[in-house]
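The values are calculated or read from the model by the stated rules, or taken from the named source; none is laboratory data. Owing to the predicted nature of the structure, the values given are computational and were not obtained by experimental measurement. For neighbour counting, all protein chains shown are included, and Cβ atoms are generated from backbone atoms with ideal geometry for every residue, glycine included.
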Amino acid sequence: MRNISTASLLLTMCTFGVSFGACSSDPATESTTNGPSSSTSASTTQGATTTGGTTSTSGGASTTGTVTATASVTTTTTSSVTATAAVTGSTATVTGTTTSATATESSSSGSTTGGGCSEAQVDCAGTCVDGLAAPIERSGSYVLEFAGLYFAVDADGGKVVEFKRAGGENVFTTSAVHETNFGSTLWTAPQADWDWPPVPEIDSEPYTVTADDAAGTITMVSMGTPSVGPNVTVTKVFTANPCDQTVDISYSIANSGAAAVSFSAWDVTRVVPGGLSFWGAEEGLLGASDLMSAEFVTDTYWFDHVVDTTSGLKLFSEGIGGYIAFTQGTDLFVKAFTDVPANGHPPDHGEVEVYEGENDGYVELEVVGSYGSIAAGSSATLEMRWYLRPMPDGATRAVGDAALKAAVLDLIAP
């Protein structure tokens, strides 16, 4: 495991590290920069495979005598560190200059295919997954790019800033729409603990970033002590799941204070306006609701974003089924989560909340986790699985559309 503040990370495992299950494949090649002034690089030629450390692969030819070289670098200083691993034919070497650093190498048998897809890029169904070999640190954001999905999270606030399909548009709003209310973030609930604006140490200030090569995860941890509200430390773990073609997210909010305090995790995602959102629910919006245009059909609430264009209004709902979905007509975005029992949410909150953003520039789709007393050193958690798919065949962007709802229930089925 390596702590990094500015890094190139390559997603390596067919892994899902939260409560939904797990699958495995060989590690993919990766590229990581350790520390603010460190760098590592390695290359392989003629189809040989290099795992661990940082790699790039050139040449698609098959080899008859294949070699796997492993190079790892651990830094304990902010001094410059450079390590280079090279593989040619059947000989592997590692050279480098270090300051309080170590470099190791080993060799074992392995293979690549002439088609340019290494074993590490094969998902649990045996299919070559496109994109896993691409570098994923781009301009301060950390990117998971696999199976036709592009997911980017920023170290500032640990905020998810982009989620789209290959060739598609971002379903989240950006800072061009609102300076602070963009992308997907995490707060503590109830909001009465901190009022407004969001606590910067949780919502917008830099998080530490850790790349775990073995688990194939990006972990972000808040650093500052909140200036208002409960004294907490937020941990966000993002995992690419090639098996289900999802991004799996584990949120944990630890009570860093000396005494027990009550709060829950609160996921807030800003999607582009003009779409249709729906979620499994109990009939009857909760008392604090003033966004009243959502329509209840059987066991589902549907909110058409273009029906109510009055900004600043919000609805609160008891959820069932553990999902909230959104489409703008071309994509289907689904957030799946563990259902919270009725009235298990904080005061003045619902399990599912929808907010019509300022000047109708965005819509917030919110999920509030289970509420209760959190002892000092313990954590409130919220685990989610995010799907992004093309609009299902036969489905339409319409309230009560059976094909649209069926597609979501099929996705989240155990």
In this structure, is VAL368 among the β-branched types (Val, Ile, Thr), modelled with pLDDT of 95 or more and under 23 Å from ALA288 (Cα atoms)? yes
Buried (at least 17 other Cβ atoms within 10 Å of the Cβ), free of Cβ contacts under 8 Å to residues at least 60 places away in the same chain and not in a strand (DSSP E or B): does that describe VAL306? no
ALA192: passes all of (1) touching a Ser or Thr at 6+ places or on another chain (Cβ under 8 Å); (2) not in a loop (DSSP other than H, G, I, E, B) but (1)
Please find, among GLY361, GLY350, GLY319, GLY329, the residue that is surrounded by fewer than 22 Cβ atoms within 10 Å (Cβ to Cβ) and either on the phi < 0 side of the Ramachandran plot or out of contact with any Leu (no Cβ under 9 Å at 6 or more places or on another chain) (or both). GLY361
Is there a residue in segment 307-317 that is more than 26 Å from the chain's Cα centre (by Cα) and within 28 Å of ASP410 (Cα to Cα)? yes
All strands (runs of 3 or more DSSP E) inside segment 355-414 with 1 or more residues being in contact with a Lys or Arg (Cβ under 9 Å, 6 or more places away or on another chain): 363-368, 379-390
Of (1) farther than 30 Å from GLY229 by Cα; (2) surrounded by fewer than 22 Cβ atoms within 10 Å (Cβ to Cβ); (3) touching a strand residue (DSSP E or B) at 6+ places or on another chain (Cβ under 7 Å); (4) modelled with pLDDT of 95 or more, VAL171 satisfies every one except (2)
If we scan segment 311-326, do we find a residue that is in contact (Cβ under 8 Å) with a residue 60 or more places away in the chain, touching a strand residue (DSSP E or B) at 6+ places or on another chain (Cβ under 6 Å) and either outside the structural domain of ARG385 (by TED's automatic domain parsing) or under 16 Å from ASP348 (Cα atoms) (or both)? no
Single residue of segment 195-252 satisfying the filter (assigned to a loop (DSSP other than H, G, I, E, B) and among the charged types (D, E, K, R)) that is nearest to ASP156 (Cα to Cα): GLU205
